[in-house]
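What follows is a short report on a single structure.
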Amino acid sequence: MPGIEPVQPLRKPTLAPAAGSSPTALRLVLGAQLRRMRGEAGITPDVAAAWIRCSTAKISRMETGHSPCKERDAADLLKLYGVTDPDRTAEFVDLVRRAGERGWWRNYADVLPDWFEPLVGLEEAAASIRTYEEHYMPGLLQTADYAYAVVRSGHHLEPEETTRRRVELRLRRQELLRRPDAPKLWVLLDEAVLLRPTGGARVMRDQLTHLLAMTELPHVIVQIAPFDVTAHTSPGNGITYLRFAMAGLPDVAYIEHLTNATSVNKQESTDEYRWILDSLSAQSPSPVESRHLLRQALERYS
C-alpha cells in the first residue's frame, strides 16, 4: 500500500502449532500470534488497519479471536510484520483456513445464541474446565429430562421442536467427556442447586443419581459450595474457566449473565476469576465429603 513500508524480515517468528483443535480455539491462537508479531515489528493497529484497508476495530477483533481473519488479510499482515518465508506464511494461512471452518455446533445455529457459541467451541479444545454454577446443574452433567426442564423454564412459549433442539445441543456437548482425551471437569455447585426441585422429584432424583455416577470418573470432580461459603465468596454469576494444552492459547474465563455472557483472556482478568474459584474450592467440602452431601440430597427426593 502506498505510504506504508513492510518492516525488515523478523528472525524465525514462531507461528501457531498445527495441533488439532476447534475453530474457536484456533482463532484465539492466531489472534494472539498476530498481536505478538505486530508488537515485535513495532507496528501500530492503525498502520495494520491501513495496510489491509480495514478499521482498527477489525484488527482488535481479529487479535482477540472474536472475528475470523481472511486468508488474504493474514498473508498481507504477515508481509507487513516481516514474515517473508513462503512456507511459514503458507502454514499460517492454512491455520487461518482451518479457523474459518464450521464446528459441529454450527448445525445448531438456529438455537445457539451468538454469545454462547464461543464457549461450546472452546470446550472442544480445553484440557481442563472449571465451573461454578449457582442456579442449575452444569450443562455438561445434565440428564435429558433435567435439561428439558431447564430449557423449558427459560423458553416456555417456544415450539416443542425448538426445545428439543436445545436439549439435543446440550447433550451433544457432553460427548467430549467420553473422549479418550476428555478434559478434566471440576465443578463447584452452589448448595441451592440441590434444594431447587427443577423438573420435579423424579427428574431431580435421576439427575442426582447421574451426577453421583459421573463423579466416579477420574476426570470429573464435584464440590458442593455451602451457603455459609457462598454468602461471602460467591461471584454472583456463573463462571467457566478453561485452560488449554495447545501452545499459544491463553486461559479463558467465561462469565454468564441473564441474557448474554462475557469471555476474557487477558491474564490480569483471568487471574482474578481463577482466584475466586480457588477460594471457593478451598472453603468448600472435599470431593469425598461432597459426594456424601449429594447422597443426602438424593434421599430427600426418594
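Taking helices (runs of 4 or more DSSP H) that do not extend beyond segment 59-132, which have at least 2 residues that are under 15 Å from the mean Cα position of the chain (by Cα)?
Working: elements: 71-80, 86-99, 117-125.
The helices (runs of 4 or more DSSP H) meeting that bar are 117-125.
Kindly indicate which of Thr270, Thr240, Thr262 is open to solvent by 50 Å² or more (accessible area, probe 1.4 Å) and under 14 Å from the mean Cα position of the chain (by Cα). Talk me through it step by step, then tell me what you get.
Details: Thr270 fails: open to solvent by 50 Å² or more (accessible area, probe 1.4 Å); Thr240 fails: open to solvent by 50 Å² or more (accessible area, probe 1.4 Å).
On inspection, the qualifying residue turns out to be Thr262.
Residue by residue through segment 260-272, note down the ones that are hydroxyl-bearing (Ser, Thr, Tyr) and touching a residue at least 24 places away in the same chain (Cβ under 8 Å). Before the answer, list the steps.
Here is the first cut: in segment 260-272, the residues hydroxyl-bearing (Ser, Thr, Tyr) are 262-263, 269-270.
Residues satisfying the conditions are Ser263, Thr270.
Please identify the pairs in which a residue from segment 285-302 that is assigned to a loop (DSSP other than H, G, I, E, B) has its Cβ atom under 7 Å from the Cβ atom of a residue that is at pLDDT below 95, counting only partners at least 6 apart or on another chain.
none
Name the residue, out of Pro235, Pro285, Pro218, Pro197, that is in contact with a Phe, Trp or Tyr (Cβ under 7 Å, 6 or more places away or on another chain), more than 26 Å from Leu26 (Cα to Cα) and open to solvent by 10 Å² or more (accessible area, probe 1.4 Å). Before you say what the answer is, go through the steps one by one.
Details: Pro285 fails: in contact with a Phe, Trp or Tyr (Cβ under 7 Å, 6 or more places away or on another chain); Pro218 fails: in contact with a Phe, Trp or Tyr (Cβ under 7 Å, 6 or more places away or on another chain); Pro197 fails: in contact with a Phe, Trp or Tyr (Cβ under 7 Å, 6 or more places away or on another chain).
Step by step, each of Pro235, Pro285, Pro218, Pro197 is checked, and only Pro235 is in contact with a Phe, Trp or Tyr (Cβ under 7 Å, 6 or more places away or on another chain), more than 26 Å from Leu26 (Cα to Cα) and open to solvent by 10 Å² or more (accessible area, probe 1.4 Å).
How many of the residues in segment 85-111 are over 16 Å from Gly31 (Cα atoms), free of Cβ contacts under 8 Å to residues at least 24 places away in the same chain and crowded, with 16+ Cβ neighbours inside 10 Å?
Qualifying residue count, segment 85-111: 0.
Does any residue of segment 46-53 turn out to be modelled with pLDDT of 90 or more, within 29 Å of Thr262 (Cα to Cα), in a loop (DSSP other than H, G, I, E, B) and open to solvent by 60 Å² or more (accessible area, probe 1.4 Å)?
Yes, some residue in segment 46-53 is modelled with pLDDT of 90 or more, within 29 Å of Thr262 (Cα to Cα), in a loop (DSSP other than H, G, I, E, B) and open to solvent by 60 Å² or more (accessible area, probe 1.4 Å).
List the number of the failed condition for Thr233; all other conditions in (1) modelled with pLDDT of 85 or more; (2) in contact with a Ser or Thr (Cβ under 6 Å, 6 or more places away or on another chain) hold.
Answer for Thr233: the failing condition is (1).
Okay, residues lined up against (1) open to solvent by 50 Å² or more (accessible area, probe 1.4 Å); (2) at pLDDT 95 or above; (3) out of contact with any Leu (no Cβ under 9 Å at 6 or more places or on another chain); (4) not aromatic (Phe, Trp, Tyr):
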{"residue": "Leu141", "(1), (2), (3), (4)": "no, yes, no, yes"}
{"residue": "Asp145", "(1), (2), (3), (4)": "yes, yes, yes, yes"}
{"residue": "His156", "(1), (2), (3), (4)": "yes, no, yes, yes"}
{"residue": "Leu169", "(1), (2), (3), (4)": "no, yes, no, yes"}
{"residue": "Arg172", "(1), (2), (3), (4)": "yes, yes, yes, yes"}
{"residue": "Pro180", "(1), (2), (3), (4)": "yes, no, yes, yes"}
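Just to be sure, is Thr163 free of Cβ contacts under 8 Å to residues at least 40 places away in the same chain, more than 19 Å from Ala297 (Cα to Cα), in contact with a helix residue (DSSP H, G or I) (Cβ under 9 Å, 6 or more places away or on another chain) and not charged (D, E, K, R)?
Numbers: free of Cβ contacts under 8 Å to residues at least 40 places away in the same chain: yes; more than 19 Å from Ala297 (Cα to Cα): yes; in contact with a helix residue (DSSP H, G or I) (Cβ under 9 Å, 6 or more places away or on another chain): yes; not charged (D, E, K, R): yes.
Spelling it out, Thr163 is indeed free of Cβ contacts under 8 Å to residues at least 40 places away in the same chain, more than 19 Å from Ala297 (Cα to Cα), in contact with a helix residue (DSSP H, G or I) (Cβ under 9 Å, 6 or more places away or on another chain) and not charged (D, E, K, R).
Which of the residues spanning segment 70-121 are aromatic (Phe, Trp, Tyr) and at positive phi?
If the condition is that a residue be aromatic (Phe, Trp, Tyr) and at positive phi, then no residue fits.
The values are calculated or read from the model by the stated rules, or taken from the named source; none is laboratory data. Since this is a predicted model, take the numbers as computed values, not measurements. Every residue, glycine among them, receives a Cβ derived from its backbone with ideal geometry; neighbour counts consider all protein chains shown. Accessible surface areas use protein heavy atoms only, side chains included; no ligands, DNA or RNA. Shrake-Rupley method; radii C 1.70, N 1.55, O 1.52, S 1.80 Å.
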